[in-house]
Amino acid sequence: MITQGLILCGGHGTRLGNITKRVPKPLIKVNNFTVVEHIIKNLSRFGINQIFLLCYYKFELFKKKFHKKKYFGVEIRCIKEKKLLGSSGALFNVRKKLHRHFLMCNGDTFFDINISDLAYEYFNKKAIAFLALKKLNDDKRYDQFRITKNGKLSLDVKKKSKLINSGIYILSKKIVPYLVKFGSLEKEVFMKLPKNKIFGKRYNSRFLDMGIKKDLNKLPKFLNFINFKPCLFLDRDGVINKDNDYVFQKEKFVWRKNIFKYVKKYNDNNYLVIIITNQSGIGRGFYKESDVKKLHNWMVNKFRSNGANIDKIYYAPYFKDSKIYKYRLKKNLRKPNIGMIQEAKKDFNIKMNQSILIGDSETDKQTAINANIKFRILSFESKLI
């Protein structure tokens with residue numbers, strides 16, 4: 001599991017001229033949030049719960065807003081560079097704080113990929129570095145790379161491949177001995193790694209580098225698009241797992257065949273994926289909320305370890321005759337009511353007219369009708385793909 005992220009927020013703040021005279025690029029406000037807040041929110045979807053902001057230009061502004069605070073459930077720490085160190089130097093500067101595996105990204109680029117897939121590929125290759133690559137035509141600003149059929153990476157000096165480092169990569173702490181104290185990861189570190197330890201994968205998702213004014217002007221519309229997604233809503237028992245009556249232990253949890261591939265397909269096609277499940281067993285006293293949360297955390301980790309991603313799981317503990325008063329409240333959460341879907345709409349920007357609910361019962365079908373979204377019914381015996 002990747003739970004630590006590093007965001008490069010350094011630089012001189014010169015490429016955008018007067019725009020960054022008072023505020024660095026990652027702190028520019030776009031659509032009511034700073035650029036780096038948009039990045040943090042996106043990373044939180046994929047299980048990142050600790051982020052270091054690696055800062056140089058106007059460090060105090062970052063410290064005042066973010067240091068030792070939580071945003072979107074993520075703990076933030078700001079690390080100061082006394083001199084401009086470059087991406088390798090910035091990483092070397094924080095080397096003692098690194099997890100065994102971590103994500104690193106730029107604070108001024110956006111690449112709307114399935115990060116769980118990137119982590120899956122990284123672990124599958126046993127890599128030291130795994131880069132998310134983007135094909136860009138006619139743009140010589142970036143270093144370019146070539147990849148072999150099995151994903152091995154090499155620098156394309158002649159810049160004919162058009163594959164660039166998007167600025168998102170998964171790294172192992174084993175990279176530390178290769179780091180230089182001042183300099184670039186791309187030019188001075190990556191190519192020193194053993195050839196069987198550095199890999200890349202091309203993704204076709206939307207990409208934007210806000211480093212020049214022309215692209216900065218595109219950012220509001222770009223963020224509106226990538227932050228406003230359709231959602232795949234999934235019932236749990238009978239869809240994610242076999243319905244064995246009040247399942248709350250992983251030992252009794254039987255996965256549906258192909259469910260990881262099925263969810264990953266929607267992740268890769270720019271959908272949010274959210275589970276909504278009635279759990280009256282809590283209200284009935286068969287098990288505790290803590291049991292359900294523990295099971296759901298385990299489920300989410302299983303999806304991520306298979307390259308898929310669950311954005312959130314909502315559950316309804318309601319039971320009308322519960323001995324515990326609080327579980328007799330919030331009947332609107334229980335399907336076929338749409339309280340869980342309404343909560344999801346508050347937490348996420350969802351294109352409801354393109355969203356789908358997949359369930360295995362008439363209750364799920366009625367929920368979709370009540371929410372005015374598409375419905376597909378599946379039984380345990382049905383193939384998901």
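Tabulated values for the structure
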read-out	value
Residues of region 303-333 satisfying the condition of being of a type in the set (Lys, Arg) and more than 28 Å from the chain's Cα centre (by Cα)	Lys320, Lys323, Lys326, Arg328, Lys330, Lys331
Unique match (being assigned to a strand (DSSP E or B) and farther than 22 Å from Tyr56 by Cα) among Lys134, Lys160	Lys134
Residue list for region 53-73, restricted to those being surrounded by fewer than 19 Cβ atoms within 10 Å (Cβ to Cβ) and at negative phi	Glu60, Leu61, Lys63, Lys64, Lys65, His67, Lys69, Lys70, Tyr71
Residue match in region 378-385 (condition: within 22 Å of Lys264 (Cα to Cα), exposed (fewer than 15 other Cβ atoms within 10 Å of the Cβ) and of a type in the set (Val, Ile, Thr))	yes
Sole exception among (1) assigned by TED's automatic domain parsing to the domain that holds Arg141; (2) crowded, with 18+ Cβ neighbours inside 10 Å for Ile240, by number	(1)
Among (1) under 28 Å from Asn227 (Cβ atoms); (2) touching a strand residue (DSSP E or B) at 6+ places or on another chain (Cβ under 6 Å), the one test that Phe253 misses	(1)
Strands (runs of 3 or more DSSP E) contained entirely in region 42-123, each with at least 3 residues that are touching a residue at least 12 places away in the same chain (Cβ under 8 Å) and out of contact with any Gly (no Cβ under 8 Å at 6 or more places or on another chain)	74-80
Region 260-292, residues that are assigned to a helix (DSSP H, G or I) and among the basic types (Lys, Arg)	Lys261, Lys264, Lys265
Some residue of region 337-359 being farther than 30 Å from Lys41 by Cα and out of contact with any strand residue (DSSP E or B) (no Cβ under 7 Å at 6 or more places or on another chain)	no
Top-ranked residue of region 324-338 - restricted to ones that are touching a residue at least 24 places away in the same chain (Cβ under 8 Å) and of a type in the set (A, V, I, L, M), ranked as surrounded by the most Cβ atoms within 10 Å (Cβ to Cβ)	Ile338
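Each row is one residue, and each column tells you yes or no for (1) buried (at least 18 other Cβ atoms within 10 Å of the Cβ); (2) of a type outside the set (Gly, Ala, Ser); (3) closer than 14 Å to Asn165 by Cα.
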{"residue": "Lys187", "(1), (2), (3)": "no, yes, yes"}
{"residue": "Met191", "(1), (2), (3)": "no, yes, yes"}
{"residue": "Lys197", "(1), (2), (3)": "yes, yes, no"}
{"residue": "Asn204", "(1), (2), (3)": "no, yes, yes"}
{"residue": "Phe207", "(1), (2), (3)": "yes, yes, yes"}
{"residue": "Met210", "(1), (2), (3)": "yes, yes, no"}
{"residue": "Asn217", "(1), (2), (3)": "no, yes, no"}
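The values are calculated or read from the model by the stated rules, or taken from the named source; none is laboratory data. These figures come from a predicted structure and were not determined experimentally. With ideal geometry, Cβ positions are generated from the backbone for all residues, glycine too; neighbour counts draw on all protein chains shown.
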